[in-house]
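The values are calculated or read from the model by the stated rules, or taken from the named source; none is laboratory data. Since this is a predicted model, take the numbers as computed values, not measurements. For neighbour counting, all protein chains shown are included, and Cβ atoms are generated from backbone atoms with ideal geometry for every residue, glycine included. Remember, those area values only see protein heavy atoms, side chains included, never the ligands or the DNA or RNA. Shrake-Rupley method; radii C 1.70, N 1.55, O 1.52, S 1.80 Å.
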Amino acid sequence: MVKIHPGTGEETRSPYLTTEKESFTIWMKSLVFNTNGCTVFDSKGNIIYRVDNYNSKSCREVYLMDLHGHVVLTLRRQKFGLFKTWEGYRSTSGTAESRTKLEYFRVKNNIFKIPSKDSSSSYRVITGSCRNDEQYCYKMVTRGSSLGIEESCGRLVAEVKRKQSRNGLVLGDDVLTMMVESQVDHSFIIGLVLTHSLINCKL
């Protein structure tokens, strides 16, 4: 599995890089008074990411933060012509004002896909290393209630679906499990998952 460092040509190791296949739990609620937002736990139950939208939903700008409130990614909705896209920026100092386009991604709807009966859809993910919008580095593919994130070659790097208890009981649709392959930047993956939720007005 190749290392995922969106938008950079450097091989510097990200502090968010997985060393092996890892499982995360996503609760589509904020811990702040149980309001709109999102909380992400690792396999040990530790909070590693959070989004606090308070009473707002489908905001134009959303901040992915770590447990201590330092901004990891800024997700911003843009409108180009008739189509809306979402852009993600890496924070360089943990604040919303500090962003770099060196680690950048854009999510666009695949307007050429013909709707199918199995409720599947796909979104192109263009990173900073892809200068041509006709190319894409990754894509998000939904099949029913599951979301897969694939490289352009079709290799699956992460999958999100509803979480099940140990006895096989499916939990509520706001509790998800996310499997991320090894050598993958999970902050980038959760940024894409949140962007998908924003596109579909679920965050």
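Do we find a residue being surrounded by fewer than 19 Cβ atoms within 10 Å (Cβ to Cβ), in contact with a strand residue (DSSP E or B) (Cβ under 9 Å, 6 or more places away or on another chain), outside any strand (DSSP E or B) and at pLDDT 90 or above anywhere in the stretch 124-133? Within the stretch 124-133, not a single residue is surrounded by fewer than 19 Cβ atoms within 10 Å (Cβ to Cβ), in contact with a strand residue (DSSP E or B) (Cβ under 9 Å, 6 or more places away or on another chain), outside any strand (DSSP E or B) and at pLDDT 90 or above. Evaluated against (1) modelled with pLDDT of 90 or more; (2) more than 12 Å from the chain's Cα centre (by Cα), M140 falls short on exactly one condition, (2). Of the residues contained in the stretch 150-166, one or more are found to be closer than 23 Å to K84 by Cα and among the hydroxyl-bearing types (S, T, Y).
Scanning the stretch 177-194 for residues that are over 14 Å from D42 (Cβ atoms) and open to solvent by 30 Å² or more (accessible area, probe 1.4 Å) returns E181, S182, Q183. Of all the numbered requirements in (1) more than 19 Å from M140 (Cβ to Cβ); (2) open to solvent by 30 Å² or more (accessible area, probe 1.4 Å); (3) at pLDDT below 70; (4) not in a strand (DSSP E or B), K44 misses one, and that requirement is (3). For the stretch 169-184, indicate whether the set of residues that are in a loop (DSSP other than H, G, I, E, B), modelled with pLDDT of 90 or more and within 22 Å of V71 (Cβ to Cβ) is non-empty. Scanning the stretch 169-184 turns up at least one residue that is in a loop (DSSP other than H, G, I, E, B), modelled with pLDDT of 90 or more and within 22 Å of V71 (Cβ to Cβ). When the residues of the stretch 67-81 are filtered to those that are surrounded by fewer than 13 Cβ atoms within 10 Å (Cβ to Cβ) and at pLDDT below 90, the one that is nearest to G191 (Cα to Cα) is Q78.
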